[in-house]
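The values are calculated or read from the model by the stated rules, or taken from the named source; none is laboratory data. Worth saying up front: this structure is predicted, and the values here are computed from it rather than measured. Please note: Cβ atoms are built from the backbone with ideal geometry, for glycine as well, and neighbour counts cover all protein chains shown. The accessibility values were calculated without ligands, DNA or RNA, using every heavy atom of the protein model including side chains. Shrake-Rupley method; radii C 1.70, N 1.55, O 1.52, S 1.80 Å.
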Amino acid sequence: MLAQAAMEARLMLRNGEQLLLAVVIPVVVLVGAVQGSERVGISFDDPMVDVITPGVLALAVMSTSFTSLAIATGFERRYGVLKRLGTAPLSRAALLGGKIGALFAVELLQFAVIGAVGFSLGWAPTLQVAGLLLTLLLGTAAFASLGLLLAGALRAEATLAAANLVYLLLMAGGAVVLPASAYGDLGTAMTWLPSGALGEAMRSACDGALPWRDLAVLTGWAGLGSLLTARTFRWE
């Protein structure tokens, strides 16, 4: 399983599109939002970098555990890779464990890069370590289950289009980068989305709080996504 996780992580980081989603886009969003906030008149009670950096960390989790995983798994299913791996000595549980391990490895790299950029811009978090780890774990579980649901139900090309479309929509209007309060009357509804719950949980954890309510929402999405994936996922 560890060998599978290492291989999966290498494949993700060698792929230009995956690397773009994993590192480049989140860093560009972070720097652009912090540097350009005054020009477009966006402001919050806290410094912009303290608001945006946790949101970009949440975006990184979403990009890797949902978009990258869905696209990679969709094409693996199309080319028969999953079918062959499913009959190999590597069990299906170990295959799934390897994919999850690879997600965490890539996310740790993302956190290191984005955190370093955030600190260089003046980010000063008060980390709630338990809350941060739970947010990472449950956020990954929720979006990975939804990504596998997408990859197991659609053709590879449709998965590619749908995963990127959902990613862009949630990044722009899913309360993941910006806090739910920025969406006015829709803010409360946004926190019930997996993206909104992940963004709010990450901001709370970086502000020294334990976000029980948002973690509960992520747990619900993880359970629902896992149930639907188990019932609908096709290996070929």
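Close contacts from the stretch 115-138, counting a first residue that is more than 19 Å from A209 (Cβ to Cβ) and a second that is of a type in the set (G, A, S), with Cβ to Cβ under 7 Å and a gap of 6+ residues or different chains, come to none at all. Exactly one of (1) over 23 Å from L13 (Cβ atoms); (2) under 15 Å from the mean Cα position of the chain (by Cα) is unmet by E107. Its number? Of the numbered conditions (1) over 23 Å from L13 (Cβ atoms); (2) under 15 Å from the mean Cα position of the chain (by Cα), the odd one out for E107 is (1).
Looking for something open to solvent by 50 Å² or more (accessible area, probe 1.4 Å) and either in contact with a helix residue (DSSP H, G or I) (Cβ under 8 Å, 6 or more places away or on another chain) or outside any helix (DSSP H, G or I) (or both) - is there at least one such residue anywhere in the stretch 55-65? No, the stretch 55-65 has no match at all. Scanning the stretch 211-234 for residues that are over 16 Å from L146 (Cα atoms) and surrounded by fewer than 16 Cβ atoms within 10 Å (Cβ to Cβ) returns W212, R213, A216. Do you know which residues across the stretch 106-136 are of a type in the set (S, T, N, Q) and either outside any helix (DSSP H, G or I) or touching a strand residue (DSSP E or B) at 6+ places or on another chain (Cβ under 8 Å) (or both)? Passing the criteria: T126, Q128. The single residue among G208, G199, G187 that is open to solvent by less than 50 Å² (accessible area, probe 1.4 Å), in contact with a Pro (Cβ under 9 Å, 6 or more places away or on another chain) and more than 20 Å from F111 (Cβ to Cβ) turns out to be G187. So for the stretch 163-179 (the condition being open to solvent by less than 40 Å² (accessible area, probe 1.4 Å), within 14 Å of the chain's Cα centre (by Cα) and farther than 22 Å from P54 by Cα), does at least one residue qualify? For the stretch 163-179, residues open to solvent by less than 40 Å² (accessible area, probe 1.4 Å), within 14 Å of the chain's Cα centre (by Cα) and farther than 22 Å from P54 by Cα: present.
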